[in-house]
Amino acid sequence: MGVNTWHLSLFDERAQRDVWGRDPRTLLCESYAPTGRLERVGDEFRLSGRWSRCTGILHASWLMAAAVLVGEDGAAQDFLVALVPRADFVVESSWNSVGLRGIGAHDVVVSGAVVPRYRTFGWVSGEQLGTLAPLYRLPQPTMYTHTGTVPLL
């Protein structure tokens, strides 16, 4: 869950204030399998989908969920991560493992949540990346791979 704070730092400052404005200890979880669907609705998006094995979901107040942005013709336009508060998703109990029970990697369902544009981040367009310090321009797969394996070593 710690690396998710790195990713949130890539988002617009308004999104960061939404998450940490009241409590800087607020936790968020993520799922980068692009199993969700985003559609444009005016200046916002509508998010729907199901994400499996969202590590830490029982402890998190926010979810960063990967989704494919589709155009009016149904064609994929971008791969985005949408940030949604707990009120916009449902946790479905699915994690019943013998080991690692504490990570609580249950499934999450979002049904038509409205997401402001500033609460999305596009890896394909990467429009936010150009203005960030070098640490924050690291490729997402590199950052996540290292943060997951270095503690093991």
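The values are calculated or read from the model by the stated rules, or taken from the named source; none is laboratory data. Everything quoted here is computed from the prediction, not taken from an experiment. Glycine gets a Cβ as well: all are built from the backbone with ideal geometry, and neighbour counts include every protein chain shown. To get the accessible areas, we keep the full protein, side chains included, count just its heavy atoms, and leave off ligands, DNA and RNA. Shrake-Rupley method; radii C 1.70, N 1.55, O 1.52, S 1.80 Å.
Among the residues of the range 19-42, those identified as open to solvent by 20 Å² or more (accessible area, probe 1.4 Å), assigned to a strand (DSSP E or B) and of a type outside the set (Phe, Trp, Tyr) are 30, 33, 34, 35, 37, 39, 40, 41. A Cβ distance below 6 Å, combined with a sequence gap of six or more or placement on separate chains, defines the contacts here; from the range 88-102, residues that are in a loop (DSSP other than H, G, I, E, B) reach residues that are open to solvent by less than 60 Å² (accessible area, probe 1.4 Å) and of a type in the set (Gly, Ala, Ser) in the pairs 95/104; 95/105. All conditions in (1) outside any loop (DSSP other than H, G, I, E, B); (2) surrounded by fewer than 19 Cβ atoms within 10 Å (Cβ to Cβ) hold for residue 45, with the sole exception of (2).
Checking each residue in the range 1-18 for being in contact with a Cys (Cβ under 9 Å, 6 or more places away or on another chain) and open to solvent by less than 60 Å² (accessible area, probe 1.4 Å) picks out only 4.
Among the residues making up the range 48-79, a single one is open to solvent by less than 50 Å² (accessible area, probe 1.4 Å), in a strand (DSSP E or B) and on the phi > 0 side of the Ramachandran plot: 49.
Between 60, 87, 76, 66, the distinction of being modelled with pLDDT of 95 or more and of a type outside the set (Lys, Arg) belongs to 87 only. Inspect the range 59-76 for any residue being under 13 Å from the mean Cα position of the chain (by Cα), of a type in the set (Val, Ile, Thr) and under 24 Å from residue 96 (Cβ atoms) and give the result as yes or no. Within the range 59-76, none of the residues are under 13 Å from the mean Cα position of the chain (by Cα), of a type in the set (Val, Ile, Thr) and under 24 Å from residue 96 (Cβ atoms).
Checked against (1) exposed (fewer than 14 other Cβ atoms within 10 Å of the Cβ); (2) hydrophobic (A, V, I, L, M, F, W, C); (3) modelled with pLDDT of 95 or more, residue 100 meets all criteria but (3).
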